[in-house]
Amino acid sequence: MKSTALRSNRAPHLGERTFPRLMLAPTLVVMAVLTAYPLIFTFFYSFTNYNYLKHANKASDFILFENYIDLLQDGYFRQAVLNTIKFTLLAVVLEVLLGLLVAVFINSLKRGQKVMRTLILLPYLLPAVTVALSWRMMLSPNYGIINQFLEGLGLPVYNWFMDTKTAFGTVLLIDVWQNIPFVFLLLYASLQSVSHDQYEAARIDGAGVIQQFFYVTLPNIKNGLALCTLLRIIDTFRLFEKVNILTGGGPAGTTSTITQYLYTYGIKNLNFGFGSAGAIVMTLLVLILSSFYIKRAIQ
């Protein structure tokens, strides 16, 4: 009787441990195929001189760290890295600050929140390619509506994407414009979870609007802010579509990013060994930047 009771008690325990693993197994397999295998494949080829045109029918040669040395010695790549880091820092700071202001403003509205939410989310719902093409038409030096408007006011007009003084800032503002809604959505959801009792208690204690924001709002949404910032860092670091369509990395490399550089000198030339080395370097940079931010955010 005791052995039967023990077996009956152990069976559910074993099932409770096995069932979740079986449910996770398909997801783990898909992640391994779509993430782990390409990463290993890229890491392996980063040590070779694999070029699809030259090695389509024969094996490539191991050249160890030659691709990495060529990358670090290339001035265009170093400029692309600096541009990417600069773009990421500026874009994330602007997106988080503006997205937070928009979220706080809409959350404070007594009426029209649903309408405002829908309107603000529209830019983020558009594909990046569509956004880039639309802005390229509006900022065209020949027929763009923005230059026509400036000319009508007697202000100077610019070739926004081909001028070294304006190209970087223009691409930055376009990216910020499209991604503010993403920040707004996450922070607005965080604001919805803040209890109104805390605001009421702060008002009773004599706290003004600004004091309520710093001592009630920010402490309650700090986790949402940290997550939102981390996601934007990772996503912005991979910026490609807008740069490729609007400037192609020019003028004079002022808007070139790591992904644009890899596309131009790796993928476009079918030099997959060199491109793989660049992809590994970019992955390491993202990990370093994200790890540094996570440590600072936790502290």
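Brief remarks on what is shown
- The sole residue among PHE274, PHE240 that is farther than 20 Å from SER193 by Cβ and crowded, with 21+ Cβ neighbours inside 10 Å is PHE274.
- Residue in the range 87-107 that is part of a helix (DSSP H, G or I), over 26 Å from the mean Cα position of the chain (by Cα) and either in contact (Cβ under 8 Å) with a residue 24 or more places away in the chain or surrounded by 16 or more Cβ atoms within 10 Å (Cβ to Cβ) (or both) present: no
- VAL176 passes every criterion in (1) part of a loop (DSSP other than H, G, I, E, B); (2) within 26 Å of the chain's Cα centre (by Cα); (3) not hydroxyl-bearing (Ser, Thr, Tyr) apart from (1).
- When PHE161, PHE168 are checked against the criterion of being at pLDDT 85 or above, in a helix (DSSP H, G or I) and not basic (Lys, Arg), a single residue qualifies: PHE168.
The values are calculated or read from the model by the stated rules, or taken from the named source; none is laboratory data. Note that the coordinates shown come from a computational prediction; the quantities given were computed from them, not determined experimentally. As a convention, Cβ positions derive from the backbone with ideal geometry for all residues, glycine included, and neighbour counts pool all protein chains shown.
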